[in-house]
Amino acid sequence: MTPTLALEQAMLHPDYDRFIARVRQATPVALVDQLDAAATQATRVATTAARFTGGCDAGVATAADLPGWLRLGLLDALTRWADGKATTCRHSPDPDRPEPVLTAAWKPGLVTCIRCAHLWSLGRRANLTCDCCGAICPPDRMNPGMTQFGALIFQYGTCDDCRPSVASNNPLSATLPAEQDAARGTGRASPRGGRGCSRGKGGRR
Ligand SMILES: [Zn+2]
Ligand SMILES: [Zn+2]
């Protein structure tokens with residue numbers, strides 16, 4: 001089983017929240033504080049970006065609420081980064097130094113800091129490709145979105161048919177286990193999307 005699938009399985013387990021609570025208790029307070037601060041900052045970045053680009057739906061979701069392609073895309077980005085297999089921007093964001101980072105469905109294996117958001121822009125046609133089904137969408141039928149997990153923001157875009165919805169408002173007590181040797185911190189997975197949000201994006205991987 002790959003690290004991505006193992007992490008997905010753990011997150012979907014009914015005892016996941018309790019496991020995370022115990023890990024947080026066993027983790028040095030200073031590190032938990034750093035992870036929480038980075039996650040809070042990432043939420044601020046994602047929310048600001050959403051408002052700046054026209055206002056979007058936002059909500060808190062459990063891992064089970066997310067469609068499989070989105071959940072696995074996010075976790076794949078996370079595990080690649082944690083394993084040192086991701087390409088990063090010149091600022092070399094490191095999982096051991098919590099800070100908000102950007103990843104995207106259309107550039108698997110790339111992780112950048114917030115300052116390097118410009119690295120995510122793509123050509124017009126690529127901007128209109130659904131990351132779920134690969135369909136090329138008319139400009140007014142493209143739904144950009146972000147899902148945040150801890151300090152990691154995963155960007156994507158979908159056609160109307162593939163647009164994810166948040167099925168519940170249950171908080172997700174999530175964390176970044178693979179990159180920290182042990183699960184630490186708290187994050188949230190929040191699909192965001194809406195027409196009129198400008199963003200660079202490209203084809204399905
Ligand atoms: Zn950077
Ligand atoms: Zn689609």
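The values are calculated or read from the model by the stated rules, or taken from the named source; none is laboratory data. Everything quoted here is computed from the prediction, not taken from an experiment. Every residue, glycine as well, gets a Cβ built from its backbone with ideal geometry; the counts of neighbours run over all protein chains shown. In case anyone asks, the SASA skips ligands and DNA or RNA and just uses the protein heavy atoms, side chains included. Shrake-Rupley method; radii C 1.70, N 1.55, O 1.52, S 1.80 Å.
Applying the criterion of being more than 16 Å from ligand 1 (Cβ to nearest atom) and in contact (Cβ under 8 Å) with a residue 40 or more places away in the chain to the residues of the range 150-161, the residue that is farthest from A38 (Cα to Cα) is G157.
Note on the range 97-149: residues that are away from ligand 1 (no atom under 16 Å from the Cβ) and either aromatic (F, W, Y) or open to solvent by 20 Å² or more (accessible area, probe 1.4 Å) (or both) total 20. Can we say T40 is within 17 Å of the chain's Cα centre (by Cα), free of Cβ contacts under 8 Å to residues at least 24 places away in the same chain, more than 17 Å from D131 (Cβ to Cβ) and assigned to a helix (DSSP H, G or I)? Yes.
Could you check how many residues of the range 152-168 are open to solvent by 10 Å² or more (accessible area, probe 1.4 Å) and modelled with pLDDT of 85 or more?
So the count comes out to 6.
Taking residues in the range 84-99 that are in contact (Cβ under 8 Å) with a residue 60 or more places away in the chain, and partners anywhere that are away from ligand 2 (no atom under 16 Å from the Cβ) and of a type in the set (F, W, Y), the pairs with Cβ atoms closer than 9 Å and at least 6 places apart or on different chains are P95/W81. In the set T4, T47, T79, only one residue is part of a helix (DSSP H, G or I), open to solvent by 20 Å² or more (accessible area, probe 1.4 Å) and among the hydroxyl-bearing types (S, T, Y); that residue is T47.
Look at A86 and say whether it is within 15 Å of ligand 1 (Cβ to nearest atom), in contact with a helix residue (DSSP H, G or I) (Cβ under 6 Å, 6 or more places away or on another chain) and of a type outside the set (V, I, T). In short, yes.
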